[in-house]
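**Q** Sharing a structure with you now.
The values are calculated or read from the model by the stated rules, or taken from the named source; none is laboratory data. What you see is a predicted model; the values in this text were computed from it and never measured. We place every Cβ from the backbone using ideal geometry, glycine too, and count neighbours over all the protein chains shown. Side chains included, ligands, DNA and RNA excluded: accessible areas come from the protein's heavy atoms. Shrake-Rupley method; radii C 1.70, N 1.55, O 1.52, S 1.80 Å.
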There are 2 protein chains.
Amino acid sequence: MKLSTKGRYGVMAMVDVAMNGDDGPVSLKAVAERQGLSESYLEQLAGSLRKAGLLTGIRGAQGGYTLAREAGEITVGDIIRVLEGPIAPVECASEEKGPVQHCANSQGCVAKSVWVKLRDSIVKALDSVSLADLCDEAKQDGGCLPPV
Amino acid sequence: MKLSTKGRYGVMAMVDVAMNGDDGPVSLKAVAERQGLSESYLEQLAGSLRKAGLLTGIRGAQGGYTLAREAGEITVGDIIRVLEGPIAPVECASEEKGPVQHCANSQGCVAKSVWVKLRDSIVKALDSVSLADLCDEAKQDGGCLPPV
DNA sequence: ACAAAAACCTAGCACGATGGTAGGATTAAG
DNA sequence: CTTAATCCTACCATCGTGCTAGGTTTTTGT
């Protein structure tokens, strides 16, 4: 039940772009430096986010990325889905229903109700928070202490 | 955001023991056959569940496992925690707080509120369902269709 | 006493995902 | 025409997952 770094870094990057994109596009170099992440790894994540329609890429010098939609219209769930795939604690309880949904046995079927319940609460939690929400929090809190 | 087979199989096995344990202990061989799982892999899971105080092992012929507590007193969350570790979508938002909790940077801190929210809904979903609940469902539904 | 059935224990191992790096090609600003 | 950036593809080391194998102990039934 762990999120991979893709999802985590992706959210960090999107928040960074949202907060620093007021005057022109934000370069991944800047994001990488501020967030302490690898730039070339970020490139791959940004590529996925662009293809999914969450980021707009601007090439050439002084280029970078901007949000493709308003910060209030992009949820954490959107980002996670792009970078980690459909939300599904177990395959048979995926958001996106696969080819045929049948159970290997009756017991497996029983547990399914928990997995569906679990999936729904994950979806609800992730979809109820937008980038704008996170930016507002950040401005209020004023950030936290740097690492030791 | 996937559960590993440990958690899934563990829940399946516990439900199986709960439902078939009325007359004596349930052997892993029987569980493996009914659920279509590897017996030796199940042994490892059962070992962890026993050490964690969820199962009681009875050795020798006609031995097997019984629930160490009543089915109503064992939640799915209990099982998952034993087999997959503390519930934590990301490390900095773990149920069990690690050595020191500080953020690498202010942006990481911002996202943290989502992760905590996410963790809480996962915990709530998993802790609100007991083995007894799953058994009741199973008896009502009467199982579902076998695989194709 | 002995054979069978079970829990219990440990080591190892193949595979795939994760978390990157490397090196380039294209595009645009100055 | 140099520089800074996106964009693209291939590769790779490491680690967790999902097992298998092969034993030992313990208990029951004959």
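**Q** Would you mind classifying the stretch B:1-53 by shape? Square roots of the alpha carbon gyration tensor eigenvalues, ordered a ≥ b ≥ c; an a/c under 1.5 is rounded, otherwise it is prolate if a/b is larger than b/c and oblate if not.
**A** Judged from the Cα gyration tensor, the stretch B:1-53 comes out prolate (a/c at least 1.5, a/b above b/c).
**Q** Hey, can you rank A:31-41, A:75-85, B:59-69 by average C-beta count inside 10 Å, highest first?
**A** Ranking the peptides A:31-41, A:75-85, B:59-69 by packing returns A:75-85, A:31-41, B:59-69.
**Q** Continuing with the same structure: Could you give the Stokes-Einstein D for chain B in µm² per second, using the C-alpha Kirkwood radius, 4 °C, 1.567 mPa s?
**A** This corresponds to a translational diffusion coefficient of 77 µm²/s.
**Q** Percent relative contact order of chain A, based on C-alpha pairs within less than 8 angstrom and at least six residues apart?
**A** Reported as a whole number, the value is 25 percent.
**Q** I need to check one value: relative contact order of the stretch A:1-81, counting alpha carbon pairs closer than 8 Å and at least 6 residues apart, in percent. Working shown, then result.
**A** Details: 81 pairs, mean separation 27.6, N = 81.
Relative contact order of the stretch A:1-81: 34 percent.
**Q** Hey, any idea what Rg/Rh is for the protein assembly as shown, computing Rh the Kirkwood way over Cα pairs?
**A** My calculation puts Rg/Rh at 1.06.
**Q** How far apart are the B:Arg59 label points across copies, placing each 7 Å from Cα toward Cβ, in nm, shortest first?
**A** 7.0
**Q** Could I ask something else about it? Considering only chain B, pick the residue with its Cβ nearest the axis of the rotation onto chain A, and state the distance in whole Å.
**A** Nearest Cβ to that rotation axis, in whole Å: B:Ser121, 2.
**Q** Give, rounded to the nearest 20 debye, the magnitude of the charge dipole that chain B has about its Cα centre when Lys and Arg contribute +1 at Cβ and Asp and Glu contribute -1 at Cβ.
**A** About 560 debye.
**Q** Label points 7 Å out from Cα along the Cβ direction at A:Glu39 and A:Asp127: separation in nm?
**A** Spacing of the two 7 Å Cα→Cβ label points: 3.8 nm.
**Q** Accessible area of the stretch B:1-128 with a 1.4 Å probe: how many percent of it is carbon plus sulfur? The partial results should precede the final answer.
**A** On the way: 2970 of 6200 Å².
Carbon and sulfur together cover 48 percent of it.
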